[in-house]
Amino acid sequence: MKYRVRIGDRMHDVVLEGDTAVIDGETLRVHLAEVPGSPIRMVTVGDAVHRVVARREAGRGTWRLSVDGWTVTAEALDERQRAILERQRASGPQGPAPLVAPMPGLVVRIHVAVGDAVVAGQGLVAMEAMKMENELKAAGAGTVRAILVEPGQAVEKGTVLVELA
């Protein structure tokens, strides 16, 4: 599977096939083992083993990765996802994306009010899912148009929580 991975302002071409990864033309022997029931993965690259905590962030293919004490945000899109995203970007601005529940859970706190100006990456809603609290953040700048949930409310994956204008 081919991926285009952005870490910070750097882009990387990654091809994964079995226990082999080709990253920017360099072939490496790799192995990924998930720790059941947790966001922890044990990643082996060559002879080195790394403990990686991987959490999905708002935005398609976006992850917050804690690797051996370092935390980075990475966007990893396969060819299909990248083509869809490029088509969406080419169609022009559609306005700020609404905040949508990435998984079923319970709304714990709402950090904004209608009319508040928000910036990309700002926490809007705290949600509990799978016994973990997750901070859901704005994908882009905008103004809060509507808050469609309240603390204590259970929501399903895909539920619109906050609309932005």
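Quick notes on this structure:
- Scanning the stretch 2-19 for residues that are surrounded by 11 or more Cβ atoms within 10 Å (Cβ to Cβ) and outside any strand (DSSP E or B) returns a single hit, Asp19.
- Positions within the stretch 147-165 being surrounded by 15 or more Cβ atoms within 10 Å (Cβ to Cβ), under 17 Å from the mean Cα position of the chain (by Cα) and in a strand (DSSP E or B), in sequence order: Leu161
- For the residues Leu85, Leu106, the requirement of being at pLDDT 90 or above and either touching a strand residue (DSSP E or B) at 6+ places or on another chain (Cβ under 8 Å) or in a loop (DSSP other than H, G, I, E, B) (or both) singles out Leu106.
- Between Gly37, Gly59, the distinction of being closer than 20 Å to Lys2 by Cα, in a loop (DSSP other than H, G, I, E, B) and not assigned by TED's automatic domain parsing to the domain that holds Glu156 belongs to Gly59 only.
- Residue within the stretch 136-146 that is in a strand (DSSP E or B), free of Cβ contacts under 8 Å to residues at least 24 places away in the same chain and not assigned by TED's automatic domain parsing to the domain that holds Gly37 present: no
- Selection status of Val22, assigned to a strand (DSSP E or B) and within 29 Å of Met103 (Cα to Cα): no
The values are calculated or read from the model by the stated rules, or taken from the named source; none is laboratory data. Being a predicted model, the structure only gives us computed values, none of them experimental. Cβ coordinates were reconstructed from backbone atoms using ideal geometry, including for glycine residues, and neighbour counts include every protein chain displayed.
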